[in-house]
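Quick notes on the structure that follows.
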Amino acid sequence: MTTDAARLGGVATAVALPAPVVEMIGVRRFFPGPPEVRAIKGIDLTIREGEYLSIVGPSGSGKSTLLHLLGLLDNPSDGVYRLDGVDTSSLRERRRAVLRGERIGFVFQSFHLLDHRTVLENVALSMVYVGVPRRERMARARVALERVGLAHRMEFGPRTLSGGERQRVAIARALVAEPSLLLADEPTGNLDSANAEAILEVFDELHAEGMTLAVITHDDHVSRRAQRQVRIVDGTLQW
Amino acid sequence: MRDLLDEALAGVSARPTRLVLTTLGTVLGIAALVGTVGLGQTAAGQITQRFDLAAATRVVVQPDDKAEGEAATQLPWDAPERIKRLNGVDAAGTFSLLDVGDDRVRSVAGIGGQKDGYALQVMAGSAGLFDAVRAQLRTGRFFDAGHDTRTDRVVVLGKHAAEKLGINRVDSQPAVFIGDQAYTVIGILDGVSGRAELLDGVIMPNGAAKTAYELEAPDALEIRTQVGAAQLIAGQAPVAIDPNNPSALKVDAPPVQGGVRKGVESDLNALFLLLGAVALLVGGLGIANVTLLSVLERVSEIGLRRALGAARRHVAVQFLVESVIVGFLGGLLGTAVGVLLTIGVSWFRDWTPILDTGLAVGSPLLGALIGLLAGTYPAWKASAIQPITALRGT
């Protein structure tokens, strides 16, 4: 493996590359027809620790499918996907759920907050299924909310918040379980430009703190904020 | 586990109005079950109570007709006194049917259509007879031991006999003729709990019967016991009355508690249980329906939970626990309603409410079980939802 060689030979090379979080090799995803849909036609993608990557593409390009594959919400038809070095294609559903909860933080376009729970509870929810003790959950959720600047809204219901605030809650929820990868799907799609800008600033800060981010978007403005951009067209990546 | 319960509770309490509506079916079902069974038990209790008072305290002793030869015996005249010495006897009195030959009964000689009189049954009794059969007077009084010993020619009329004879008052001391002998009517019976023929007859004290009709011995001894003592008295009576030859006496006593009564109750309860079961089935279908609706509505929540690391199992268990909670709440409320219903109806009808504690404790659990059954399909449905589908929507 070239990456392993690079890491092992770090002394020899000028710059040691950080460890890869995501390694996709020859990944395909076909949806059986008729007609058969070839959503992903063979993708090789590596995302290294601390990277801020954007995946941009028009609708129908396969970017949603790629997001689901990256987020372990779907299984590739073919190819290898390693997350933190763990080969996921051989894992059973239960194990994949655990991996998903522990290693990936999701941020969705439509926030997906539970309306009937407080902001704090919404954030703490992401630690329920990964076995963080109750008391610790609440403490960590508070810290995460402070980090996104919503300390004053903890006991509010999501419906009382603005769109930008809701997305910040969703980000806090994604971060609080300390994932290896923050996966954002059109995070600014439902927001006005001011709120979108605020969210992108949060991403910048996270990147600066060393978080690995993958943002999937159709918006070039959003895409350009990332350190590295890849374009997906017709199920293949273009560099 | 605790987290699952918390999540389920939060899920259930998120929509209070719906929760109330969902539990409604179970509330009605359990209330119907508890109420009908409670009322069934209460009503059966009342039936047996009334039954008890009339029959379960009545013991009748007679000479055994089948006893052979020398063994044949007669009841002694002092049988009531002997019996009353037994603990548990409230009252006792003799009864005899008199053989009056062709003597007919008239009220006043020679009046109109009843010139020939009526062929009424003439009976004799000791003073304690009336108490022993719980006789009630329409008017006048019973005869007492004094009338008996003085051989006074007095009679008490059964109410049907009194109607035939056209006597409805006794304050003017009306007379009836039995054959050509006149007797003073001192009272009219209104009702008795045992030996209903008394209401059709003309009853005179033993003393008078001995004189007029040479009555040799009483036909039967009527005993009224305390509640629950009938069996005991029935066993002791022959020895107390005729210690030398107790087997020559025949004793009629009420059947041992249980038997018949249980049969009647279980029939009633089976019917009521069936009604409750139908109501519960409807309640269960209601829960299943609403839970399924709620699953469809919460698709994005399910997707989110899956994305946050919930396995299919977690999702299934959460919805299952939610519907169990709904069922349990419904069961709890229904039990309360059913108990109140039973108490309310009992109060209204002046009954003693009877309710199985097992029923009161078990019903909420039954509600929970129904919730479990009702939730199985929706829970499976929820766990089968793919997170992708769930998160794609808005």
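The values are calculated or read from the model by the stated rules, or taken from the named source; none is laboratory data. Everything quoted here is computed from the prediction, not taken from an experiment. Cβ sites come from the backbone with ideal geometry, for glycine too, and all protein chains shown count toward neighbours. What goes into the accessible areas is simple: the full protein's heavy atoms, side chains included, and nothing from ligands, DNA or RNA. Shrake-Rupley method; radii C 1.70, N 1.55, O 1.52, S 1.80 Å.
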Interchain or long-range residues, amide H under 5 Å from B:GLN121's placed H: B:VAL202
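Rounded to the nearest 0.05, what FRET efficiency do A:ASP44 and B:ALA360 give with R0 = 60 Å and r taken as the Cβ-Cβ distance? Could you check? Display every interim value, and only then the final one.
Details: r = 68 Å, r/R0 = 1.13.
After rounding to 0.05, the efficiency reads 0.30.
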Could you pull the accessible area for B:ILE223 with a 1.4 Å probe, rounded to 10 Å²? 0 Å²
Taking only Cα atoms, what is the 0 to 90° angle, nearest 10, from helix A:134-147's long axis to the longest principal axis of chain A? 90 degrees
Loop by DSSP (not H, G, I, E, B), at most 16 other beta-carbon atoms within 10 Å: where is the longest site-free stretch of chain A for GluC sites (Glu not before Pro)? A:50-154
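Check each of the trypsin sites (Lys or Arg not before Pro) in region A:84-165 and keep only those in coil by DSSP with at most 16 other C-beta atoms within 10 angstrom; list them in order.
Values: sites: A:ARG92, A:ARG94, A:ARG95, A:ARG96, A:ARG100, A:ARG103, A:ARG117, A:ARG134, A:ARG135, A:ARG137, A:ARG140, A:ARG142, A:ARG147, A:ARG153, A:ARG159; in loops: A:ARG92, A:ARG117.
Those satisfying the criteria are A:ARG92.
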Out of B:GLY93, B:GLY303, B:GLY29, a Gaussian network model of chain B with alpha-carbon springs under 10 Å gives the largest mean-square fluctuation to B:GLY303
What are the radius of gyration and Dmax of region A:65-166, computed over its Cα atoms and given in Å? 15.8, 47
How big is the gap, in Å, between the Cα center of region B:201-233 and the Cα center of region A:61-130? 95 Å
Expected max-MSF residue from B:ALA31, B:ALA14, B:ALA217 in the GNM of chain B (alpha carbon, under 10 Å) is B:ALA14
Taking a virtual spin label 7 Å from the Cα of B:ARG349 along the C-beta vector, which residues in region B:3-37 bring their backbone nitrogen under 16 Å of it? B:32-37
Across all directions of projection, what mean area in square nanometres is found for the Cα convex hull of chain A? 14.1 nm²
Per residue of region B:124-129, in order, report the coupling 6.51 cos²θ - 1.76 cosθ + 1.60 (Karplus, θ = phi - 60°) as ³J(HN,Hα) in whole Hz, putting x for Gly and Pro. 10, x, 8, 4, x, 4
A:LEU17 versus B:SER13, label points 7 Å from Cα toward the beta carbon: distance in nm? 5.2 nm
Furthest towards positive pole of dipole, A:VAL130, A:PRO58, A:PHE30, structure part chain A, Cβ charges: A:VAL130
Given H placed on each backbone N at 1.01 Å, which residues far from A:VAL107 in sequence or on other chains put an amide H within less than 5 Å of it? A:LEU183, A:ALA184, A:ASP185
Please find the FRET efficiency linking A:ASP234 to A:ARG94, where r is the Cβ-Cβ separation and R0 is fixed at 45 Å, and quote it to the nearest 0.05. 0.85
Counting DSSP beta bridges in the protein assembly as shown, what percent are antiparallel, to the nearest 5? 65 percent
Going by amide H atoms built from the backbone, whose H comes under 5 Å of the H on A:ARG231, apart from near neighbours? A:VAL56, A:GLN238
Based on the Kirkwood radius over alpha-carbon pairs, what value in µm²/s does the Stokes-Einstein equation return for the translational diffusion coefficient of region A:164-239 at 20 °C and 1.002 mPa s? 164 µm²/s
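Any chance you could run the full-extension gain for B:THR211 through B:GLN386? It's 0.36 nm times the residue separation minus the Cα-Cα distance, nm to one decimal.
52.6 nm
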Computed over region A:128-239, the relative contact order (Cα-Cα under 8 Å, seq sep at least six) in percent reads 20 percent
With a point put 7 Å past each Cα toward its Cβ, work out how far B:ALA196 is from A:ASN75 in nm, to one decimal. 8.1 nm
Across region B:82-91, in residue order, what do the Karplus-derived ³J(HN,Hα) couplings come to in whole Hz, using 6.51 cos²θ - 1.76 cosθ + 1.60 with θ = phi - 60° and x for Gly and Pro? 4, 5, 5, 6, 6, 6, x, 8, 8, 7
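For region B:80-227, what is the Kirkwood estimate of the hydrodynamic radius, computed as the reciprocal of the mean inverse distance between distinct Cα atoms, to one decimal in Å?
Working: mean 1/r = 0.0656 Å⁻¹.
That comes to 15.2 Å for region B:80-227.
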With a 10 Å cut-off between alpha carbons and a GNM built on chain A, which of A:ALA139, A:ALA198, A:ALA97 moves the most? A:ALA139
With Cα atoms, 0 to 90° folded angle of helix A:193-208 axis to chain A main axis: 70 degrees
Using R₀ = 51 Å, calculate the FRET efficiency as 1/(1 + (r/R₀)^6) where r is the Cβ-Cβ separation of A:SER193 and B:LEU273; round to 0.05. 0.15
In whole Å, what are the Cα extents of the protein assembly as shown along the three principal axes, biggest one first? 145, 50, 49
Calculated diffusion of chain B, Stokes-Einstein form, Kirkwood radius summed over Cα pairs, 10 °C and 1.306 mPa s, µm²/s: 60 µm²/s
Value of [θ]222 nm, deg cm²/dmol, for chain B, DSSP H segments ≥ 4, -39500 (n - 2.57) each, nearest 500: -17500 deg cm²/dmol
List every DSSP H helix in chain B whose Cα atoms extend 27 Å or more along the helix's own long axis and whose mean Kyte-Doolittle hydropathy is at least 0.0. B:16-51, B:259-297, B:312-349, B:357-383
Sequence order, region A:75-91: Karplus ³J(HN,Hα) from phi using 6.51 cos²θ - 1.76 cosθ + 1.60, θ = phi - 60°, Hz rounded, Gly and Pro as x, gives 10, x, 6, 7, x, 10, 10, 10, 10, 6, x, 8, 6, 7, 5, 8, 7
State, to one decimal in nm, how far the label point of B:ASP102 lies from the label point of A:ASP204, with both points 7 Å from Cα in the Cβ direction. 13.6 nm
